[in-house]
Protein chains: 2
Amino acid sequence: MKQETADGVRSVERAASIIQAVADAGEAGARLTDIAIKTGMSKTTIHRLLGTLVKVGWLDQEDKSSTFYLGLPLVAIGNTASDRHGLLDLAAPHLKRLAELTGDTVYLAVRMGSQALCVDRVIGNFPIRTATLRIGDRRPLGTCPGSLALLAGQPQDLIEELMLSASHLQIGSLKVDTVGLPRLIAQSRASGYSMSPEVLVPGADGLGVPVMGAGGSAVAALSLETVDSRLSEPRRTQLVEWLQREAAELSENLLRLSPGFSQREVHRMLADAI
Amino acid sequence: MKQETADGVRSVERAASIIQAVADAGEAGARLTDIAIKTGMSKTTIHRLLGTLVKVGWLDQEDKSSTFYLGLPLVAIGNTASDRHGLLDLAAPHLKRLAELTGDTVYLAVRMGSQALCVDRVIGNFPIRTATLRIGDRRPLGTCPGSLALLAGQPQDLIEELMLSASHLQIGSLKVDTVGLPRLIAQSRASGYSMSPEVLVPGADGLGVPVMGAGGSAVAALSLETVDSRLSEPRRTQLVEWLQREAAELSENLLRLSPGFSQREVHRMLADAI
DNA sequence: AATGCATAATCCGTGTAGCGGAACTATGTT
DNA sequence: AACATAGTTCCGCTACACGGATTATGCATT
């Protein structure tokens with residue numbers, strides 16, 4: 001065998017590995033050698049690519065030290081990425097309103113492969129604060145209220161596929177309860193909201209609801225995290241109601257403003273309308 | 001002349017141009033031809049790079065349409081980028097507290113070249129909401145309260161340099177008042193806070209204070225935006241006091257937890273301490 | 001100071017990976 | 001049906017990236 005299925009621009013793939021390595025290093029940054037160990041690429045190559053990456057602003061070498069950090073321009077890029085179809089702007093008022101009504105922490109998540117990606121959050125004013133997820137954090141679908149709502153809102157065939165997918169079975173320390181999951185999904189669909197399948201943080205718990213897009217599947221999820229004592233019955237029904245109302249409104253705005261239709265389809269529809 | 005000073009990995013530079021082009025296109029995404037027009041590169045090259053960029057997850061081609069969006073993994077990367085040295089985590093409680101105390105919108109900004117980059121914000125509960133900046137937005141230094149505080153907090157020689165820098169004179173529709181700026185900087189330094197040099201959004205105004213890092217220069221700025229009627233005197237003094245207190249605490253935490261010292265220096269200091 | 005050990009920067013010959021013009025296909029428009 | 005526009009594939013040429021070897025730098029230890 002020559003190369004596996006290597007088609008693609010090598011340098012760019014390598015550059016991506018480097019960025020990923022630096023991102024994994026987190027707030028502390030990474031040095032050339034760290035990256036070499038992590039990626040297995042030769043130091044020479046990394047050195048060359050580092051130069052380019054610094055040049056384009058994706059990496060940053062503070063003063064002239066040997067530690068590299070992710071470049072600040074990536075902040076703007078990342079934020080634009082999370083605003084695809086204007087979702088962030090549309091959802092912001094709903095998140096804010098929920099956080100005010102409930103006092104708890106509210107999250108907005110979208111699906112990224114077999115994971116849920118947290119793209120926004122608003123922390124409420126209730127004195128005891130629970131804020132487990134940060135923007136950019138990922139969870140395997142089905143392991144927290146939001147990601148469960150997102151999963152349950154997918155078409156059935158996709159659910160099967162996602163549950164089977166190997167990467168889905170275990171990501172980090174979180175393992176998906178493959179056995180119990182179908183029941184949880186059924187429950188979510190029946191009741192219109194999702195509860196946390198297992199307690200991740202002792203004392204904290206949450207609720208999630210799907211945000212429907214065109215085609216009847218979930219494009220996002222709104223979820224809420226609070227101390228478990230504040231999820232008991234009189235309050236829970238109220239919370240679910242609020243979440244569902246905001247999700248419905250958001251869904252409506254999404255469908256009106258950013259259709260999942262191609263330009264051609266829109267054209268055709270406009271033509272028909274005239 | 002052969003090539004300008006072109007050293008660097010071409011493909012990666014090109015890939016960066018493409019990502020930038022897609023980012024500039026914003027929430028609506030970009031097509032191959034759009035990118036070709038914007039970057040001036042040949043379609044073949046773009047096509048090849050697009051393939052790679054999709055493969056590494058930096059671009060996303062929804063279903064199989066011809067529109068490319070920024071990949072969701074960039075959200076996580078961008079967020080890590082803004083958390084350099086743990087700034088985001090350290091600052092979050094202060095932002096939250098300020099937003100609660102004041103009811104107004106609070107921003108956290110850092111310097112990126114001759115611009116200020118907004119890396120976090122919390123919208124307060126006051127019924128009239130002003131939220132001009134979004135996370136990832138940039139402003140030339142000196143054009144808004146936060147960026148002015150950031151500028152005034154730099155060492156004098158850097159200020160001169162930044163004010164001279166051509167790119168600084170006009171970015172987008174914002175033009176820096178080069179003439180009035182030195183006075184504004186002096187005022188900011190004397191009073192310990194900055195006011196908006198000019199009104200960007202009618203009826204809205206703000207205050208900014210620097211967050212000091214090691215070496216006595218500003219590493220970040222806290223700022224606050226509100227309706228101008230809420231900035232008149234009895235209240236303004238109170239706001240400045242709150243901002244300065246939070247900035248001071250944040251500064252202290254920054255110095256304690258994430259020093260600008262190299263690993264060796266830390267080593268030596270620890271050794272001395274024993 | 002002197003030595004030793006990392007890590008980072010530079011050099012350079014080799015081979016291939018990336019380049020882009022042109023031709024082709026697909027899709028929507030008049 | 002003919003046109004227009006956007007995207008894809010082909011292919012030969014060369015510039016460009018590769019990585020082993022070498023040198024330079026910066027910190028710790030003696």
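The values are calculated or read from the model by the stated rules, or taken from the named source; none is laboratory data. Source: prediction; values computed, not measured. Note that we place each Cβ from the backbone using ideal geometry, even for glycine, and neighbour counts take in every protein chain shown. Calculation scope for accessible area: heavy atoms of the full protein, side chains included, ligands and nucleic acids excluded. Shrake-Rupley method; radii C 1.70, N 1.55, O 1.52, S 1.80 Å.
Annotations for the structure displayed:
- Accessible surface of region A:1-114, 1.4 Å probe, proportion on carbon and sulfur as whole %: 51
- Summary of the geometry: region A:17-31 and region B:101-116, compared by the centres of their Cα atoms, lie 25 Å apart.
- Set of region A:216-237 residues, backbone N closer than 13 Å to the point 7 Å along the Cα-Cβ line of A:GLN156: none
- With its label point defined 7 Å out from Cα along the Cα-to-Cβ axis, B:ALA131 lies at 1.4 nm from the matching points of the other copies, in increasing order.
- The mean sequence separation of alpha-carbon pairs under 8 Å and at least six residues apart, normalised by the residue count of chain B, gives a relative contact order of 14 percent.
- Chain B: angle of helix B:10-25 to the longest principal axis, Cα-based, in degrees nearest 10: 60
- Convex hull of region B:10-71 built on C-alpha atoms - directionally averaged projected area, nm²: 3.6
- Each other copy holds its own label point for A:HIS47; taking that point as 7 Å from Cα along Cα to Cβ, the gaps run 3.8 nm, nearest first.
- Chain B residue with Cβ closest to the axis mapping B onto A, distance in whole Å: B:GLY78, 1
- Aspartates and glutamates whose Cα lies under 12 Å from that of B:LYS43, excluding same-chain neighbours fewer than 8 positions away: B:ASP34
- Debye intensity ratio I(q)/I(0), log10, region A:1-138, q values 0.11, 0.22 Å⁻¹ (C-alpha model): -0.57, -1.25
- Across the identical copies, how the A:GLN244 labels are spaced - nm, sorted shortest first, 7 Å along Cα→Cβ: 5.3
- Counted over the protein assembly as shown with a bin width of 10 Å, the fraction of Cα pairs per bin, in whole percents, is 3, 16, 26, 27, 19, 7, 1, 0, 0.
- Counting only Cα atoms, chain A measures 62, 57, 41 Å along its principal axes, largest extent leading.
- Exposed loop sites here are GluC sites (Glu not before Pro) assigned a DSSP state other than H, G, I, E or B and surrounded by at most 14 other beta carbons within 10 Å; excluding them, the longest clear run of chain A is A:63-197.
- Between chain B and chain A, the total buried accessible area stands at approximately 5300 Å², from heavy atoms with a 1.4 Å probe.
- The label point for A:ASP228 and the one for B:SER165, both projected 7 Å from the Cα toward the Cβ, are 5.2 nm apart.
- Gained length - A:THR237 relative to A:SER65, 0.36 nm times residue gap less alpha-carbon distance: 56.4 nm
- Summing Lys and Arg as +1 and Asp and Glu as -1 over all other residues whose Cβ lies under 13 Å from the Cβ of A:VAL211 gives a net charge of -2.
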